[in-house]
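Reading through the C-alpha cells given below for one structure.
The values are calculated or read from the model by the stated rules, or taken from the named source; none is laboratory data. Note that the coordinates shown come from a computational prediction; the quantities given were computed from them, not determined experimentally. When we count neighbours, we look across all protein chains shown, and the Cβ atoms used for this are built from the backbone with ideal geometry, even at glycine.
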Amino acid sequence: MALASAAGPANLRILVVGAGIAGLAAARALRLAGFRPDVIEQRSGPDEDPCTGTYLPGNAIRALRRLGLDGPVRPLGQVVHRQHFLDAAGSPLCEVDLTGFWAGVGECRALPGAELHRVLLTGAGGEVRYGTGIRSVALSTGTVTVTLTDGTSTEYDLLVGADGRRSTVRGLAALGGAARPVGQLVYRAVVSGGPPVNEWTGLLGQRCGFVVVPMGGRRLYCYADEVATELPADPVTRMREVFADYGGPVPRILEALERVDVTRVGEVELGRWSRGRVVLVGDAAHATTPTLAQGVAMALEDAVVLAESLGAADTVEAALLAYESRRRPRTKWVRDRTRDRDRTRDVPPALRDPLLRGRGERIFQEHYRLLVDPV
C-alpha cells in the first residue's frame, strides 16, 4: 500500500524551506498529490527583482504542464523559436531551430522572473511565512524537529530543503557545505526600449559571453558572464568595459543599461541528497552555472518527481530513495554538459568559431538531447 494511501497524504507533516522557484514548485506538486505542506522563506517578501528574466527551454514548459501551470504562463513573455550564435563582432556562427528540436515537448519562452514567480506563488496555494528562516535540524527515527529563527520548534515527517545554492538546510542536515566557486561572474539586467531583438541571441568572445533574449513588449533579458572572481564595485561600468568591443545589439544595450545584478557562481555536487527525513531539491542539491539555462527546469522536474515518489512509495525513506534515483542521472547530465559548454569559453575564437560555423547546431542540440525524454 502506497504511503499516501496508508497514512493519508494530508496527515504527512511536510515543511518546505524556501519560496523561490524550487520551493513553490515543490509546494504545488505536493498539493496536487494531496499533501498540505507548510512553506517558509527567509526573505521578507516575494521575489520581485526587476533585473531578472527567465528563459524556459521546452522541458521546463513540459514540467509546468505537469504542474498544471502552463496555462497561466502562456500569456506571459515571448515564445523563442531560434537561437542565433554570433562571434564577438556580431558575425553569424550558427543557428539552432528550437521549435523543431523541442517539438512535442514544449515551446521555449522568455519572461520576467517576477512574473513566473507570481504564477508559482498562486499555484502553490496556502500561506508562505516570510521573514522566517531555519536555525537547527534534529533528526529522529521517522521525524525531524525543526527550530525556526523565531525560536519555535516543530516536528515534521519530512523537511524539503529548497533554499538554493547557498542552502542552510544542506549544512544543518550534514549533506554538504558551501557551493564550490567556479571562477565565473554572471551579470543580469532587463532593458526596456533597447534595440529590436526577435530571437535568443548570444555573442561568444574570449572567456566571456553576452546573451540577449526578448521577453515581449520591447523588454530584453540580458545575461552576460566573464571568467573572474572579484565582484565589481559598479556592475554597469564593468559590463560596459568588458563588452565595449562587442558588436550586434550589444552597444545599444550597453547604452540603455540602468541597473545590473552581478553574482559569483558556485557549483553544488553532493554524495547524497537526503538524510533521514530531510531531502534537497533544486539548486540546493545540484546547482550548476547558468550556461544551459536549466536551473529552473531542473527545479520544476525535481518537484514533479518528489511528489510522485511520495505518492507511490510505502515509506518516506523509500520515496526519497526513488526520487534521487530518478533525478540524479539527469542532473548529472546537465552538470556535465554545462561544464562542456563552459570549457568552450577557454578555447581561442580562432579555433572555436570555425568549428561552430560547421557543426554548431549539432553540438548545441547534443547538449540537450537527453532532456527531450520525459523525467
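Among the criteria (1) farther than 23 Å from E115 by Cα; (2) touching a strand residue (DSSP E or B) at 6+ places or on another chain (Cβ under 7 Å); (3) of a type in the set (D, E), the one D261 does not fulfil is (1).
Does T331 satisfy being farther than 19 Å from A174 by Cα, assigned to a helix (DSSP H, G or I), in contact with a Ser or Thr (Cβ under 6 Å, 6 or more places away or on another chain) and not small (G, A, S)?
Values: farther than 19 Å from A174 by Cα: yes; assigned to a helix (DSSP H, G or I): yes; in contact with a Ser or Thr (Cβ under 6 Å, 6 or more places away or on another chain): no; not small (G, A, S): yes.
No.
What number of residues within the range 278-295 are touching a Gly at 6+ places or on another chain (Cβ under 9 Å) and either surrounded by fewer than 23 Cβ atoms within 10 Å (Cβ to Cβ) or assigned to a helix (DSSP H, G or I) (or both)? Break it down stepwise before answering.
Going residue by residue through the range 278-295, those that are touching a Gly at 6+ places or on another chain (Cβ under 9 Å) are 278-285, 287-289, 291, 295.
So of that shortlist, the ones also either surrounded by fewer than 23 Cβ atoms within 10 Å (Cβ to Cβ) or assigned to a helix (DSSP H, G or I) (or both) come out as 283-285, 289, 291, 295.
Of the residues in the range 278-295, 6 are touching a Gly at 6+ places or on another chain (Cβ under 9 Å) and either surrounded by fewer than 23 Cβ atoms within 10 Å (Cβ to Cβ) or assigned to a helix (DSSP H, G or I) (or both).
For beta carbons closer than 6 Å, sequence separation of 6+ or different chains, a first residue in the range 240-252 that is surrounded by 14 or more Cβ atoms within 10 Å (Cβ to Cβ) and a second that is part of a helix (DSSP H, G or I), the qualifying pairs are R240/L254; F243/V250. When you check T152 against the structure, is it out of contact with any Pro (no Cβ under 6 Å at 6 or more places or on another chain) and under 30 Å from D342 (Cβ atoms), yes or no? In short, no. There is at least one residue in the range 92-101 that is part of a helix (DSSP H, G or I), aromatic (F, W, Y) and either surrounded by fewer than 21 Cβ atoms within 10 Å (Cβ to Cβ) or over 25 Å from the mean Cα position of the chain (by Cα) (or both).
Looking at D302, D261 in this structure, which one is closer than 30 Å to L159 by Cβ, in contact with a Cys (Cβ under 6 Å, 6 or more places away or on another chain) and modelled with pLDDT of 95 or more? Full working, then the answer.
On the way: D302 fails: in contact with a Cys (Cβ under 6 Å, 6 or more places away or on another chain).
Only one candidate qualifies: D261.
Quick check on A287: is it under 16 Å from Q184 (Cβ atoms), hydrophobic (A, V, I, L, M, F, W, C) and in contact (Cβ under 8 Å) with a residue 40 or more places away in the chain? Yes: the conditions hold for A287. For the range 177-190, does any single residue satisfy the condition of being farther than 25 Å from G53 by Cα and surrounded by fewer than 22 Cβ atoms within 10 Å (Cβ to Cβ)? Within the range 177-190, one or more residues are farther than 25 Å from G53 by Cα and surrounded by fewer than 22 Cβ atoms within 10 Å (Cβ to Cβ).
Here are some residues: L121, L116, L111. Which one is assigned to a helix (DSSP H, G or I), modelled with pLDDT of 95 or more, buried (at least 21 other Cβ atoms within 10 Å of the Cβ) and of a type in the set (A, V, I, L, M, F, W, C)? Give the derivation first.
Values: L121 fails: buried (at least 21 other Cβ atoms within 10 Å of the Cβ); L111 fails: assigned to a helix (DSSP H, G or I).
It is L116.
This table checks each residue for (1) at positive phi; (2) out of contact with any Cys (no Cβ under 6 Å at 6 or more places or on another chain); (3) at pLDDT below 95.
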residue	(1), (2), (3)
G311	no, yes, no
P329	no, yes, no
W333	no, yes, no
R337	no, yes, no
R343	no, yes, yes
P354	no, yes, no
G360	no, no, yes
E366	no, yes, yes
L370	no, yes, no
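Among the conditions (1) within 28 Å of G360 (Cα to Cα); (2) out of contact with any Pro (no Cβ under 8 Å at 6 or more places or on another chain), M215 misses just one, which is (2). Scanning the range 334-363 for residues that are surrounded by 14 or more Cβ atoms within 10 Å (Cβ to Cβ) and outside any helix (DSSP H, G or I) returns a single hit, V347. Annotation for the range 221-236: at least one member residue is aromatic (F, W, Y), surrounded by 20 or more Cβ atoms within 10 Å (Cβ to Cβ), farther than 18 Å from T344 by Cβ and in contact (Cβ under 8 Å) with a residue 60 or more places away in the chain. So is D245 acidic (D, E), farther than 29 Å from G58 by Cα and out of contact with any Leu (no Cβ under 6 Å at 6 or more places or on another chain) or not? Spelling it out, D245 is indeed acidic (D, E), farther than 29 Å from G58 by Cα and out of contact with any Leu (no Cβ under 6 Å at 6 or more places or on another chain).
Give me the residue from the range 332-372 that is acidic (D, E) and under 21 Å from A287 (Cα atoms) and, out of that set, farthest from the chain's Cα centre (by Cα). The residue in question is E366. Within the range 125-148, being surrounded by fewer than 14 Cβ atoms within 10 Å (Cβ to Cβ) and of a type in the set (V, I, T) holds for one residue alone: T141.
Could you check, for the range 4-20, whether at least one of its residues is hydroxyl-bearing (S, T, Y) and either in a loop (DSSP other than H, G, I, E, B) or more than 26 Å from L310 (Cα to Cα) (or both)? No - not one qualifying residue is present in the range 4-20.
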